[in-house]
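Taking it in order: structure first as structure tokens, then the write-up.
Every number in this text was worked out from the coordinates using simple rules, so none of it is lab data. All of these numbers come straight from a predicted model, not from anything done at the bench. Note that each Cβ is placed from the backbone with ideal geometry, even for glycine, and that neighbours are counted across all protein chains shown.
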Amino acid sequence: MPVADNKKTTAKSEETRAALLRAARRVFAWKGVTNSRVSDIVSAAGVSHGTFYVYFKNKEDILYEVVRPVLDELYEAVSGSWDERDLPGSVEHTIRTFLDAFSRNADIMPIMLYGEPRNMLVGKLYYDASRRFQRRIRKNLAKAAEANQIKDINIDITAFALGCMVEDFAYRWFCTSPPDWRRSFDFDEVCKILADIWCNTIYAGGSGMMGSL
């Protein structure tokens, strides 16, 4: 086969796989994982059953490929280290990037957070990602504690609680709130308020440290 034909075949193959992933995401978001079938996905993608199995072994396989990049994006959003010279600003940046990534994936987040408690794959993937998020918070808190920049607190419990607070807020704001109510919140103000709550909890200076924001 000529090189040009090989490139066309590769491009077509990548396009088909991407179409299946987009279709699977729509189906999972609409029906949930348990109620979704391969037949729903191929119908949404406009391809045959046989074509599906060229690219994926089964529903669990394509579910993994749909969910994994979303969780990687969420973790990447909060993976940076806090700046010792501006801890409150670093906290706000962490919250802002997490909420921004969450909002871009609000269609699929419900099945990972609360919608599929019986699906072991979804549960494990999200648990692992959530633990990565909390470990990142813990690492930054521990660093601040060593520099005597925060209160004398249990870092493990605090990291878990603060991570859950932002995660649950994001879920309720982007996934369950009526559209008009959701739009009534200003994104910048939300980030500042959540950061202020964090700082009141962990920093010896409390909300007074937020004056530079």
- [ ] Working carefully through the options 83, 61, find the one that is within 30 Å of residue 150 (Cα to Cα) and free of Cβ contacts under 8 Å to residues at least 24 places away in the same chain.
- [x] 83
- [ ] Starting from segment 181-192, take each residue that is in contact (Cβ under 8 Å) with a residue 60 or more places away in the chain and list its partners that are outside any helix (DSSP H, G or I), counting only C-beta distances under 7 angstrom and pairs at least six apart or across chains.
- [x] 192/213
Open item on the list: Residues that are in a helix (DSSP H, G or I), within 20 Å of residue 167 (Cα to Cα) and touching a strand residue (DSSP E or B) at 6+ places or on another chain (Cβ under 7 Å): does segment 122-144 have at least one?
Closed with: yes
Open item on the list: Looking at segment 87-114, I want the residues that are touching a residue at least 60 places away in the same chain (Cβ under 8 Å) and of a type in the set (A, V, I, L, M) and have a partner that is outside any helix (DSSP H, G or I) and surrounded by fewer than 18 Cβ atoms within 10 Å (Cβ to Cβ) with Cβ atoms under 7 Å, at least 6 apart or on another chain. Which pairs are those?
Closed with: 87/149
- [ ] Just give me the residues in segment 176-192 being out of contact with any Leu (no Cβ under 8 Å at 6 or more places or on another chain) and surrounded by 14 or more Cβ atoms within 10 Å (Cβ to Cβ), in sequence order.
- [x] 177, 182
